[in-house]
Amino acid sequence: MNNILEIKNIHVQYGNIKALNSVSLTVQKGDIVSLIGANGAGKSSLLKAVSGLEPITQGTIEYNNQIINSYQSSKRLRPDIISSMGIALVPEGRGVFSQMTVLENLEMGAFLVRDKAIISKKLLEIYAMFPILKDRKDQKSGSLSGGEQQMLAIGRALMSSPEVLLLDEPGLGLAPLIIKGIFEVIRSINDEYKTTIFIVEQNAKLALKNSNKGFVMETGVIVLSDLSANLIENPQVKAAYLGE
Amino acid sequence: MDSTTFSLFQIDIVTIFQHLINGLTLGGIYALIALGYTMVYGILKFINFAHGEILMVGTYFSLFLFNTLITGGKTGAVLFILFILALLFGMAISALLGVVIEIIAYKPLRKASRLAPLLSAIGVSIILSNSAAYFFGTRSRKFTYPLDNKPFNFFGLSITPVQLLTIFVCFFLMLGLKYFVDKTRIGRAMRASSENQNVASLMGVNVNKIISITFAIGSALAVTAGVLYALEYKVSPTMGTMTGLKAFIAAVVGGVGNISGAMLGGILLGILETFGTAVLGIPVGYKDTIAFGVLILILLLKPDGILGKNIKEKV
């Protein structure tokens, strides 16, 4: 067993509302894992908790057997520290720095990389992955289309050569053809760099098709976890999420 | 009727340039102070109303060190170097003061309502100006330029060395800051943090450190302006109030949160004030109404400021 991410009994609370209620799951190194569920089920809260943006009120999150987020505030690491350890989040709504150019956004992704040679090498890799970003490198990123912004957000996250890539709704608001392209890139990232990938997605079919393992979340609770191939065939999932 | 009232109709080109230089000197000072307001607003979305008082305290420390250093018959270049040393000392003190104030008075209120840090800032400014009055006395002091301040004359224009120094230092620092913010790694992190603190932290940016750097730079720039201002006017516990307010207006005129806007707004305000009194014949006693008049106009006509962008607030 090679668990890279271990989420143990975590709770996240906003005021009186419980966003996550005793959620436990493990992610193994090199896997593509997807978490599906309806809008408001708590999927984004989970990713935010892993990247340190959301404090948890119970439980712990361990990364490579080290606690990164905990109910004890003294054991919580700051998001910038967690990022420096190798976890990158592509946030919901992309979160590109719209007033900055495409190139500056990518450079921000490599904020903690001090070696200029590595940054240039990474830039070339990202440009090869998303040629459109190279064409637009001096353009303000706010002027990009939604799909291009998503590519930029993914490229920016990859600039730090993360070990774990968390993607929050990468397909949200994009045309089907573009979503397909983005998922192809996500698979190739996993193939090429052996990056562990954790996708949160409302589009259950797409997410399950493109992952090894899947989790289903309903109102802050994990209700199913299985191989993605099994989940696609699961009658419950079919009825509730695949519209069949 | 008073002859100055109609000075508008007698103006010649040399006089215009003369006023332009005077306005540029004052405007450069406003711009340097305005940068602190605008940079802090950019990241924390609040106006640091203690900014003017930080300027005042730093200027006092510069003055004290300078007066201690220049005892004994020092001359020429040595005096100038001591002056620069005293300036750097004041900058360092106020940078530290700015950072400490942020940590004590603003940081605990970051998640509070937007009014809370604003009130805290006003509290800090009252504490600072009253402490200064208590410890340094209310009497205003002279900050005498150490070298000969006899004006140069060319083409009928008269420029004092202090004016030249002010214009040079202000523009040098503004260009330096622009380079820092646009081209360096930390500058990029500042811009990223001002757009979205959470996402910046996901990139590995320690946002608290960036906020501290912002306060340090803003405060140091303000003290530079304060010392240059003191060379022309006086050092007193209340010197930060009106200069701070004017610089705040300059920041709003340029578009608060926008660094180029603060520079533009400051210079524009300096020139408007100079021309207002000298050319339009607004009595010196009513000089301050120009800045506030400009503020009212800009708020009515273009509330985002000249270079401000109309970015809708996220809810």
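The values are calculated or read from the model by the stated rules, or taken from the named source; none is laboratory data. None of the values given here were measured: they were computed from a predicted structure. Neighbour counts are summed over all protein chains in view; Cβ atoms, including those assigned to glycine, are modelled from backbone coordinates with ideal geometry. When the accessible area is computed, the model is the full protein with side chains, heavy atoms only, and any ligands, DNA or RNA have been set aside. Shrake-Rupley method; radii C 1.70, N 1.55, O 1.52, S 1.80 Å.
The 3J(HN,Hα) values that the Karplus relation (6.51, -1.76, 1.60; θ = phi - 60°) gives for region A:157-171 are, in residue order, 5, 6, 4, 8, 6, x, 8, 10, 10, 9, 10, 9, 6, x, x Hz. Gly and Pro appear as x. Comparing B:Ala230, B:Ala132, B:Ala112 in a Gaussian network model of chain B where C-alpha atoms under 10 Å apart are linked, the largest mean-square fluctuation is found at B:Ala112. Taking every C-alpha pair closer than 8 Å and separated by at least 6 residues, the mean separation divided by the residue count of region B:80-203 gives a relative contact order of 11 percent.
Backbone amide hydrogens, once placed in the peptide plane, bring A:Gln28 within less than 5 Å of A:Ile4, excluding anything fewer than 5 places away on its chain.
Using only side-chain charges placed at the Cβ, +1 for Lys and Arg and -1 for Asp and Glu, the dipole size of region A:1-111 relative to its Cα centre rounds to 340 debye. Computed log10 I(q)/I(0) for the protein assembly as shown at 0.13 Å⁻¹: -1.22, from the Debye equation with unit scatterers placed on every C-alpha and solvent omitted. Cα centroid separation, region B:229-279 to region A:79-146: 38 Å. Computed over the Cα atoms of chain A, pair by distinct pair, the Kirkwood hydrodynamic radius stands at 18.2 angstrom.
Mean projection of the Cα convex hull over all viewing directions, computed for region B:201-315: 9.6 nm². Two numbers describe the Cα atoms of region B:7-301: Rg and Dmax, which are 19.3, 62 Å. Amide H to amide H, with H built 1.01 Å from N, A:Phe215 comes under 5 Å of A:Ser34, A:Leu35, A:Ile36, counting only residues 5 or more places away or on other chains. Among the residues of A:104-112, the average count of other protein chain beta-carbon atoms within 10 Å of the residue beta-carbon is 5.
Taking Cα atoms only, the orientation of helix B:185-195 departs from the longest principal axis of chain B by about 70 degrees.
The relative contact order of region B:7-301, computed from alpha carbon pairs under 8 Å that lie at least 6 residues apart in sequence, is 40 percent. Under 10 Å, Cα contacts only: if you run a Gaussian network model on chain B, which one of B:Phe17, B:Phe89, B:Phe155 comes out with the highest mean-square fluctuation? Per the Cα network of chain B with a 10 Å cutoff, B:Phe155 tops the list.
Computed on protein heavy atoms with a 1.4 Å probe, the accessible areas place B:Glu53, A:Glu92 in the order A:Glu92, B:Glu53, largest first. Each residue of region B:302-307 was assigned a 3J(HN,Hα) from its phi angle through the Karplus curve 6.51 cos²θ - 1.76 cosθ + 1.60 (θ = phi - 60°); the sequence is 8, x, 7, x, 4, 9 Hz, with glycine and proline shown as x.
Peptide B:202-214 shows a mean partner chain C-beta count of 6 within 10 Å per residue C-beta.
Of the cross-linked pairs A:Lys140/B:Lys107; B:Lys45/B:Lys107; B:Lys111/B:Lys178; B:Lys111/B:Lys302; A:Lys43/A:Lys75; B:Lys111/B:Lys209, those separated by over 20 Å at the C-alpha level are A:Lys140/B:Lys107; B:Lys111/B:Lys178; B:Lys111/B:Lys302; A:Lys43/A:Lys75.
For region B:137-272, taking Cα atoms only, Rg and Dmax work out to 17.9, 59 Å respectively. The accessible area of A:Glu218, taken with all protein chains in place and a 1.4 Å probe, comes to roughly 90 Å².
Here is the tail figure for region A:37-102: Cα pairs spaced more than 14 Å apart come to 61 percent of all pairs.
Please go through region A:134-196 and write out the trypsin sites (Lys or Arg not before Pro) that DSSP classes as loop and that have at most 14 other C-beta atoms within 10 Å.
The qualifying sites are A:Lys194.
Summed for both chains, how many Å² of accessible area, to the nearest 100, are buried between B and A with a 1.4 Å probe? List each step's numbers first, then the result.
Values: alone 15890 and 11570 Å², together 25500 Å².
So the buried area, both faces added, is about 2000 Å².
Ordered from longest to shortest, the equivalent ellipsoid semi-axes for region B:101-169 are 41, 19, 9 Å, each the square root of 5 times a Cα gyration tensor eigenvalue. The convex hull of the Cα atoms of region A:70-194, projected and averaged over all directions, covers 8.4 nm².
Using a cutoff of 8 angstrom between alpha carbon atoms and counting only pairs six or more residues apart, the relative contact order for chain A works out to 26 percent.
For the peptides B:71-81, A:49-59, what is the packing order when you average, over each peptide's residues, the other Cβ atoms within 10 Å and list the highest mean first? All intermediate terms of the calculation are to be shown ahead of the outcome.
On the way: B:71-81: 10.6, A:49-59: 20.1.
Top to bottom by mean Cβ count within 10 Å: A:49-59, B:71-81.
Placing +1 at every Lys and Arg Cβ and -1 at every Asp and Glu Cβ, with all other atoms neutral, what dipole size does chain A have around its Cα centre, in debye to the nearest 20?
Numbers: 25 positive and 24 negative charges, 66 e Å.
Approximately 320 debye in magnitude.
Taking the longest Cα principal axis of chain A as reference, the axis of helix A:116-129 is set at about 70 degrees.
Couplings 3J(HN,Hα) of region B:140-154, computed from phi: 7, 10, 8, 10, 7, 4, x, 9, 4, 10, 5, x, 7, 10, 9 Hz, in residue order, whole Hz [Karplus 6.51 cos²θ - 1.76 cosθ + 1.60, θ = phi - 60°; x for Gly and Pro].
When the Gaussian network model of chain A links Cα atoms closer than 10 Å, the mean-square fluctuations of A:Thr219, A:Thr196, A:Thr60 top out at A:Thr219.
Ranked from largest to smallest solvent-accessible area, with a 1.4 Å probe on the protein heavy atoms, A:Tyr14, B:Tyr145, A:Tyr241 come out as A:Tyr14, A:Tyr241, B:Tyr145. Each Lys and Arg Cβ is given +1 and each Asp and Glu Cβ -1; about its Cα centre, the protein assembly as shown then shows a dipole of about 660 debye. Per-residue shielding of B:192-199, expressed as the average number of other chain Cβ atoms within 10 Å of the residue Cβ, stands at 6. Compared with the dominant Cα axis of chain A, that is its longest principal axis, helix A:176-193 is turned about 90°.
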